[in-house]
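The values are calculated or read from the model by the stated rules, or taken from the named source; none is laboratory data. Please read all numbers here as calculations on a predicted model, not as lab measurements. Glycine gets a Cβ as well: all are built from the backbone with ideal geometry, and neighbour counts include every protein chain shown. Remember, those area values only see protein heavy atoms, side chains included, never the ligands or the DNA or RNA. Shrake-Rupley method; radii C 1.70, N 1.55, O 1.52, S 1.80 Å.
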Amino acid sequence: MAFLQDSQPDLCLLAKSGGCSVYQLRNESGEGTMTVYEVFPGATILYNDFHMAYCDSSFETQQDLLCIDYCREGRMEYAVGNDAFSYVEAGDLKVDRRLKHKGYFSLPLSHYHGISMCFDLSMIPMELARLAGDYPLDLAAIQRKFCPDARPRVIHGAPSVDHIFQELCTVPERIKMPYFRVKILELLLYLDALELGSGTEKPYFYRSQVETVKAIRSYLVEHLDQHITLEALSRQYQIPLTTMKACFKSVYGSPVNTYMRALRMDRAALLLRKEPEASVTEIAGAVGYDSSSKFAAAFRAVKGQTPLEYRRGGGNPVLSFPDETE
């Protein structure tokens, strides 16, 4: 949409051609790109690819918008109140009016990949009526259904939504614009028919709980060579164990021990690649294992190779958290 660049001065326009604009966003935590297609007046599709731990948005609008965000990979924090947060994860659909889109957005896994469709209700009715034909598709009614106030609505695990967006990832260039029109109509018809009971709302957590869990994660990352019990963390940070475990999984998408094992194996993979003279036993100790056999079993379970097989193969891992371990 035309308002994007004006309202986001921190975005850098990289290229523009044939209804497509590519923007770049950078900060000290990484960078991201937004590829924006103006499909027809009032309707925009955006491909969002961010490799960063957070981003700041200066976006504010007086326009009457309806925006649908689909998360393909990664995780994004969003506010559900003045002092509470929940999380969009892979497969989730977030519907909102962009009334609370200014501020700080955390990406707990340091990456987010998704597709957005945005509609300006003041511009779109005539073109939408032409697309929908005889079907009485009312965009304003869809907006009222999902966004009766300024808060976003997140749909978790909605049936059949994945294929609508996944098919947008492999569109031949020569048919992109007509194909986008078809997918816009498909999504709006889907939302029009979707019962609000579909999908289960996830719990939210207060700012103090989220900040405590993020501090716990930072502490664990700084002490990868130690195995610290969850009970000890609960006592150290004065947070109930059940709350700590639930909040950590909500923020990072995995239980504490699962997350830390993947992070340890990422760190071990980097050490195997960067320190060829270090023994497997030394690397095991560096990531908190006092037994090289237990370390080798864990490494194989996560990476699909033993440490020695990985090292002999040249070291090209698929990292669970690539932006946090380099």
Seminar exercise, completed: In whole µm²/s, the translational diffusion coefficient that Stokes-Einstein assigns to the chain, given a Kirkwood hydrodynamic radius over C-alpha pairs, 10 °C and 1.306 mPa s, equals 73
Problem set entry | Most mobile of Glu231, Glu173, Glu275 in a GNM of the chain (Cα contacts under 10 Å) | Glu173
Seminar exercise, completed: Most fluctuating of Ala262, Ala15, Ala284 in the GNM of the chain (C-alpha, under 10 Å) is Ala15
Problem set entry | Where Cys55, Cys169 fall by accessible area, highest first, once all protein chains stay in place (1.4 Å) | Cys169, Cys55
Exercise. Packing-wise, with mean Cβ within 10 Å as the measure, how do 205-214, 130-139, 38-47 rank, highest first?
Worked result: 38-47, 205-214, 130-139
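Report the full-extension gain for the segment Glu277 to Val171: residue separation times 0.36 nm, less the Cα-Cα distance, to one decimal in nm.
That works out to 33.5 nm of additional length.
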Exercise. Where in the chain are the helices, taken as whole DSSP H runs, whose Cα atoms extend 20 angstrom or more along the long axis and whose Kyte-Doolittle mean reaches at least -0.5?
Worked result: 176-193, 207-222, 256-274
Exercise. In percent, what relative contact order does the chain have, based on Cα pairs under 8 Å that are 6 or more apart in sequence?
Worked result: 14
Problem set entry | Charged-residue dipole, Cβ positions (Lys, Arg, Asp, Glu), the chain about Cα centre, Debye nearest 20 | 600
Exercise. Out of Thr61, Ser116, Ser29, whose Cα points farthest toward the positive end of the dipole of the chain (charges: +1 Lys, Arg; -1 Asp, Glu; placed on Cβ)?
Worked result: Ser29
Exercise. If we sort 114-124, 155-165 on the protection proxy, mean other Cβ atoms within 10 Å, highest first, what's the order?
Worked result: 114-124, 155-165
Exercise. Among Asp49, Asp192, Asp290, which one moves the most in a GNM of the chain with springs linking Cα atoms closer than 10 Å?
Worked result: Asp290
Problem set entry | Solvent-accessible surface ranking, highest first, for Thr258, Thr243 at 1.4 angstrom | Thr258, Thr243
